[in-house]
Amino acid sequence: MRYAIALDVGGTGMKAALMGADGGLLHQARRPTRREDGPQAVTAAVLDFAAELRRVGVERYGEEPAAAGVAVPGIVDEVDGQVAYAANLGWRDLPLRDLLEERLAGVRVALGHDVRAGGLAEGRLGAGAGVDRFLFVPLGTGIAGAIGIDGRVEAGAHGGAGEIGHVIVRPDGPLCGCGARGCLEALASASAVGRAWAAASGDPTAGAADAARAVAAGDPRAAAVWADAVDALAAGLVTAVRLLDPRMVIVGGGLAEAGDVLFRPLRDAVADRVRFQRLPSIVPAALGDAAGCLGAGLLAWDLLSVEVTTP
Ligand SMILES: [Zn+2]
């Protein structure tokens, strides 16, 4: 039985699976990234996990994995197989694909960016299945984007395409982790909304989900925090709409779990700002936090030109 290794490396944990050529998940596992032990420990954790998945596959199916797909955060050059920069894992110029291929004894490896891999999965198996042009925007700790075009995701010349989180929507706005002011990520990520609601509510433990609940319950302070984030998000999305003219915008991540509390005002705010273009549909992501791992599996099969379109 042919199978591929799918591995999604996140800031704190890794999600992995063995994926059949039909897109089905045969075996799933999770592990911590060991970020607290430094960049080399993270690299070792990734390589060990990949080797363990290969061992499980060989034991179960009696053959080597057909290929492996590994999705990682940061600036990822998918062509060179290098992680140029991953701030949260401490990586810089890491030739991760070569290291993985060596550890997996020659199994071919596709290295991908986590959000672009997630977008690939949403575009083939999830909310955007069959949609020729979409933008996938997960609103989590940060904000990134994946530009889907005809079944693939645009990586850019240097692996940096889709970074909508660092589009500046308010030049005098709050400081972003990247050093600029007023980035979309600093205003409308789940973390940013959580911070704003913690400050407004006086509860330092409050997060974005609490803010959404307070909005639904009619709390005017929460409504103000929410409206501010929705306004910033609409500004960022309209920039993307003007540039890309997507048919669909797929919004995922923690903030999208608010459902209609987010989507109703967001659709209105985008419609208010678009002057002359056709509006894209704005829909919730369908695959949740499995998207990155599924996308990693798709990257592996793509390497072998095996077309996986339905789960
Ligand atoms: Zn920024």
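The values are calculated or read from the model by the stated rules, or taken from the named source; none is laboratory data. Since the model is a prediction, treat every value here as computed from it, not as a measurement. Every residue, glycine among them, receives a Cβ derived from its backbone with ideal geometry; neighbour counts consider all protein chains shown.
Every residue, every condition in (1) under 21 Å from Y85 (Cα atoms); (2) within 16 Å of the ligand (Cβ to nearest atom); (3) of a type outside the set (V, I, T), yes or no:
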residue: G156; (1), (2), (3): yes, no, yes
residue: A180; (1), (2), (3): yes, yes, yes
residue: A196; (1), (2), (3): no, no, yes
residue: A217; (1), (2), (3): no, no, yes
residue: R221; (1), (2), (3): no, no, yes
residue: A229; (1), (2), (3): no, yes, yes
residue: A232; (1), (2), (3): no, yes, yes
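Flag: A71 matches the condition of being assigned by TED's automatic domain parsing to the domain that holds G295 and within 14 Å of D8 (Cα to Cα). When R35, R92, R54 are checked against the criterion of being surrounded by fewer than 16 Cβ atoms within 10 Å (Cβ to Cβ) and of a type outside the set (A, V, I, L, M), a single residue qualifies: R92.
Cβ-Cβ under 9 Å, sequence separation 6+ or interchain: first residue in the stretch 179-192 and assigned to a loop (DSSP other than H, G, I, E, B), partner of a type in the set (S, T, Y) and more than 8 Å from the ligand (Cβ to nearest atom). Which pairs? Correct list of pairs: S189/T141. The set of residues in the stretch 161-174 being within 13 Å of the ligand (Cβ to nearest atom), in a loop (DSSP other than H, G, I, E, B) and either outside the structural domain of D228 (by TED's automatic domain parsing) or in contact (Cβ under 8 Å) with a residue 12 or more places away in the chain (or both) consists of E163, V167, V169, R170, G173, P174.
Within the stretch 3-26, being at pLDDT 95 or above and in contact with a Gly (Cβ under 8 Å, 6 or more places away or on another chain) holds for Y3, A4, I5, A6, L7, D8, K15, A17, L18, M19. Here V131 clears all of (1) within 16 Å of the ligand (Cβ to nearest atom); (2) touching a strand residue (DSSP E or B) at 6+ places or on another chain (Cβ under 9 Å); (3) part of a loop (DSSP other than H, G, I, E, B) except the condition numbered (1).
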